[in-house]
Amino acid sequence: MSDLSPEAVKHHVKVYVRVFVALAILTMITVTVSYLHLTIAAAVLVALLIATLKSSLVAGFFMHLISEKKIIFAILALAFLLFLTVLLIPVLSHP
Amino acid sequence: MIRYISKPHPITGVTNSKLGVWCFLASEVMLFGGLFSAFLMLRIGADSWPHGWELLNVPLATMNTLFLITSSVTMVMAWASLALKDIKKYRLYMAATILLGIGFLIVKGFEYAHKFEGHHFPSTNNFYAIYFTLTGLHGLHVLGGVLVNTYFLFPGSGLWKKDPDQFMGRVEAAGLYWHFVDLVWIFLFPVLYLL
Amino acid sequence: MAGRTGRRKGFAVSDQHHSNELPFWRQYIFSQDHKVIGMQYAVTGLLFLLFGFCLMMLMRWQLAYPGKPLPFLGNFLAESPVMPGGIMLPEFYNQLGAMHGTIMVFMGVVPLAVGGFGNFVLPLQIGAPDMAFPKLNMMSYWFYFIGGVIMIASFFIPGGAAQSGWTSYPPLSNIAPLGQTFWLIGMAFLINSSLLGSINFIVTTVQLRAEGLSFFRLPFFVWSQFVTSFLLLLAFPPLMAAAVLQLMDRLAGSSFFMPSGLVVNGATTPWAGGGSPILWQHLFWFLAHPEVYVLILPAMGIVAEVMSCNTRKPLYGYKALVYSVIFLGFLSFIVWAHHMFLTSMGTQMNSFFQITTMIISIPSVVILTTLILSLWGGSIRFTVPMLFALAFLPMFGIGGLTGLPLGLAASDIHLHDTYYVIGHFHYVVAPGTIFALFAGVYHWFPKVTGRKMSDILGKIHFWFSFVFINGVFMPMFIMGLAGVSRRLYDPVQYAHAQSVQPLNVFISICAWCLGLAQIPFIINFFSSIFFGKKVDDNPWEATTLEWTVPSPPPHGNFAKPPVVYRGPYEYSVPGCAKDFLPQNLPAGQAGAAEVK
């Protein structure tokens, strides 16, 4: 956060409140969808999509990733790639 | 003596603590990645797997989700209050964050107690095993965050007078950790409870 | 940060800017100075290396003379439950094996290579006053210490230490005695120590480099520690996850790794089942493969430093080295299942991991080749560190080449879990990494203490170690090709193993002689601290920044923050008065011809 003037912070606060409302709404949506008892494939897709959206909001705005420096992104990108690796390879190796 | 504690490095643009905490979070991504990998392997290898909403209390967990989301907002508002040099507002928001975190843990406690009363333990089957392990490890992370935040609310806040930039950096780092804990729950909740 | 450097018993007495006020326990025990912490790591690591070595020497008795009582020592242990009558029990043999591996890898080599050398040398080589997070650094040492104590303590509890291999495969490890739980908790402490350390190394290297010290002017030692830290940071957590899961299985009765319908000693087990032992293998090897690169990379870094200094010429192919080590680090995360070729993953997965494993040999070969080519045209000084560094090259070559049939699934079918594997990985770690670590000790001892180690004792140590270590590990390839399995308590139980039993006797004798060959080193190390020849700040006439400060360096390292003007290996620059240009010498001084 390079710009820390009172105006900039107040603008960020407005963004935080809007993100909070979005998160609350998305939470209610994901819970409601679960009551529909969709097929497993559809349920997983919807749940993960909404979760990805929510986490992007938290990461982007609360954690300020949307304006963060390159070096942080580089480390996170590497971690994310490896996260996918450790998540998927064992499952794909399952006979 | 050691530079870039309070002011960012001219080329990388970050302070030491910011880079450090993001490195730590990268490792935490891998920790929960290992556990989610376990969940996937067990689920794929199982003959049958119950739906989360059959066995777990969805309304209670939804409330817990809202607790954590709200605490994320109050945490970032605490940091913003420091940016506006309002130490009183900072204390208010930080206290709210801590209370919401404790609330989360209390609800978790009730959930676990109810499960144990119904004789559902990690040894019962692998659904309960991974449920208790994932939420338990996450809960320990919440507890750790609550303790760190309490330190920054009370004894640690003395740094605000000596070096406000460094204190703000520390609160920001604690906030990044807290948001991450919220992030993990954002995935844990649907995966365990809603699918 | 100028100050006096006290000399008490020849050790580095860090000069705190308020040194008169710091009590003994905060200056030497709970110190936050990277140099003290580095020494703590190094000494603790060396002690654990010795302990792990002794465990192996015990095992070698059983392998050479199976079922025979151990002479001398056996009389003391005759009443003990583990060696009744001086004859080793199979359970004890398994404990020795599992703990030898665990202690050497996690409590010996890595703490010495990364915690010891990394902590002491890295901040000095980048011109920093200390690590970025001194308190975290201190904590990382004490986590290591606690983890080590838990591991050693496990020998003395009922049932003994962990005995399911350093790899702790379930279901066996799930039903193993209490020692396995100690192993898991000990590993948790070691993993956390590693995590804190790696964060420190990464932030320090990125943020605290001196002015003018761009990434491509860094000594290769710093690059190797930097890449190693990423491996530790991102590869250890899944093993932490696996340890949590196994603790849940053992303590809470879950079945993460317990398959359904398991029968042990004729009785069904109380676990619900439905678990996957292969899950453990994936999570374990996800760490353990990058871990072996953690073992080798710092060693390559040390060899690079020692070689450039003792050939008096720049390293050949610095950029190739750097790009190779980065590529190697990245690839090391996607080769792990070459340890699992025999677990029915399917031909597609086997092919994938076979391919990545073959590809990863490319940067390894580039690194080895550039190091060998660095010798060409050099004025080689056969100092003791250089002897060890030179030996590293062919030893690592043998280790690497023998890995090739293991990385190819078809040949691995015959060689997996045989003595061939033991020969392969020991060649890389023992005459490979550990020789490089010895090189590092001899090389940096003058910086730590202000005294040189004895050359005569060093050369005796080197030559006897070199001969005997090859005697220990070369025959293992033959044994493995003959089909002898690893982790065998009774080496003559099977007919195919009986024919190569004489090799076991030969190996054991070489191993005990190798142990004796370490005595000159131990004597040299301790006596040189007090009686070694005093030397000036730069006895090797090296170019990197650690040689520009006093020996031992004061707290804060540099009186003024240094400025760097050139790369790390400006030796024998044409037109210069001396045959080396320190990195911090301003341009145009001492008849220096400026090089970028």
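Within segment B:37-56, the set of residues being at the interface with chain C (Cβ under 9 Å from one of its Cβ atoms) and either hydrophobic (A, V, I, L, M, F, W, C) or assigned to a helix (DSSP H, G or I) (or both) comprises B:37, B:38, B:41, B:42, B:45, B:46. Residues considered: B:67, B:24, B:36, B:32. Of these, the only one that is closer than 30 Å to residue C:214 by Cβ and of a type outside the set (Asp, Glu) is B:24. Of all residues in segment C:465-490, those satisfying the criterion of being over 25 Å from the mean Cα position of the chain (by Cα) and hydrophobic (A, V, I, L, M, F, W, C) are C:478, C:479, C:481, C:482, C:484, C:488.
The listed residues are C:175, C:191, and the only one of them that is under 30 Å from residue C:282 (Cβ atoms) and more than 14 Å from every other protein chain (Cβ to nearest Cβ) turns out to be C:175. Would you call residue B:155 surrounded by fewer than 16 Cβ atoms within 10 Å (Cβ to Cβ) and either in contact (Cβ under 8 Å) with a residue 12 or more places away in the chain or under 30 Å from residue A:49 (Cβ atoms) (or both)? No; evaluated as a whole, the condition is false for this residue. Every condition in (1) within 26 Å of the chain's Cα centre (by Cα); (2) surrounded by fewer than 22 Cβ atoms within 10 Å (Cβ to Cβ); (3) on the phi > 0 side of the Ramachandran plot; (4) among the small types (Gly, Ala, Ser) holds for residue C:127 except the one numbered (2).
The single condition among (1) within 9 Å of another protein chain (Cβ to nearest Cβ); (2) surrounded by fewer than 17 Cβ atoms within 10 Å (Cβ to Cβ); (3) not small (Gly, Ala, Ser) that residue A:75 does not satisfy is (2).
When each of A:38, A:4 is tested for being more than 15 Å from the chain's Cα centre (by Cα), more than 8 Å from every other protein chain (Cβ to nearest Cβ), assigned to a loop (DSSP other than H, G, I, E, B) and farther than 20 Å from residue B:182 by Cα, the lone residue that passes is A:38. Residue count for segment B:153-186 satisfying the condition of being within 9 Å of chain A (Cβ to nearest Cβ) and among the hydroxyl-bearing types (Ser, Thr, Tyr): 0.
Total residues in segment A:55-67 satisfying the condition of being within 8 Å of chain B (Cβ to nearest Cβ) and assigned to a loop (DSSP other than H, G, I, E, B): the figure is 1. Just one of the listed residues (C:146, C:185) is touching a residue at least 40 places away in the same chain (Cβ under 8 Å), away from chain B (no Cβ under 14 Å) and closer than 30 Å to residue B:120 by Cα, and it is C:185. Candidates B:121, B:189, B:132, B:116: the one that is in contact with a Ser or Thr (Cβ under 6 Å, 6 or more places away or on another chain), closer than 23 Å to residue B:52 by Cβ and within 14 Å of another protein chain (Cβ to nearest Cβ) is B:189. Here residue C:528 meets each of (1) closer than 30 Å to residue C:445 by Cβ; (2) of a type outside the set (Val, Ile, Thr); (3) out of contact with any strand residue (DSSP E or B) (no Cβ under 6 Å at 6 or more places or on another chain) with one exception, condition (3).
Of the helices (runs of 4 or more DSSP H) lying entirely inside segment B:82-195, the ones with 2 or more residues being under 23 Å from residue A:13 (Cβ atoms) are found at B:87-117, B:126-153, B:164-189. Within segment C:155-196, being within 29 Å of residue C:139 (Cβ to Cβ), aromatic (Phe, Trp, Tyr) and touching a Phe, Trp or Tyr at 6+ places or on another chain (Cβ under 7 Å) holds for one residue alone: C:189.
Filter segment C:328-365 down to residues that are under 15 Å from residue C:288 (Cβ atoms), under 22 Å from the mean Cα position of the chain (by Cα) and among the polar types (S, T, N, Q), then give me how many there are. Going through segment C:328-365 one residue at a time, the tally reaches 2.
Among residues of segment B:15-31 that are closer than 16 Å to residue B:167 by Cβ and more than 7 Å from every other protein chain (Cβ to nearest Cβ), those with a beta-carbon under 9 Å from a residue that is buried (at least 21 other Cβ atoms within 10 Å of the Cβ) and acidic (Asp, Glu) at least six positions away or on a different chain give the pairs B:15/B:172; B:17/B:172; B:18/B:172; B:21/B:172. Kindly check whether there is at least one residue in segment A:72-82 that is in contact (Cβ under 8 Å) with a residue 12 or more places away in the chain and among the small types (Gly, Ala, Ser). The answer is no; no qualifying residue exists.
Condition check for residue A:11 on (1) closer than 22 Å to residue B:40 by Cα; (2) more than 10 Å from chain B (Cβ to nearest Cβ): one failure, at (1). None of C:259, C:238 is touching a residue at least 24 places away in the same chain (Cβ under 8 Å), facing chain B (nearest Cβ under 10 Å), farther than 25 Å from residue C:437 by Cα and over 25 Å from the mean Cα position of the chain (by Cα) except C:259. Checked against (1) at pLDDT 95 or above; (2) within 31 Å of the chain's Cα centre (by Cα), residue C:563 meets all criteria but (2). For segment C:241-260, the set of residues classified as in contact with a Gly (Cβ under 7 Å, 6 or more places away or on another chain) and within 26 Å of residue C:290 (Cα to Cα) consists of C:241, C:242, C:256, C:257, listed by residue number. Applying the selection to segment C:410-462, what residues are among the basic types (Lys, Arg) and either modelled with pLDDT under 95 or buried (at least 24 other Cβ atoms within 10 Å of the Cβ) (or both)? Result: C:447, single match.
The values are calculated or read from the model by the stated rules, or taken from the named source; none is laboratory data. Computed from a prediction, not measured in an experiment: that's the story for all the values here. Virtual Cβ from ideal backbone geometry, glycine too; neighbours counted across all protein chains shown.
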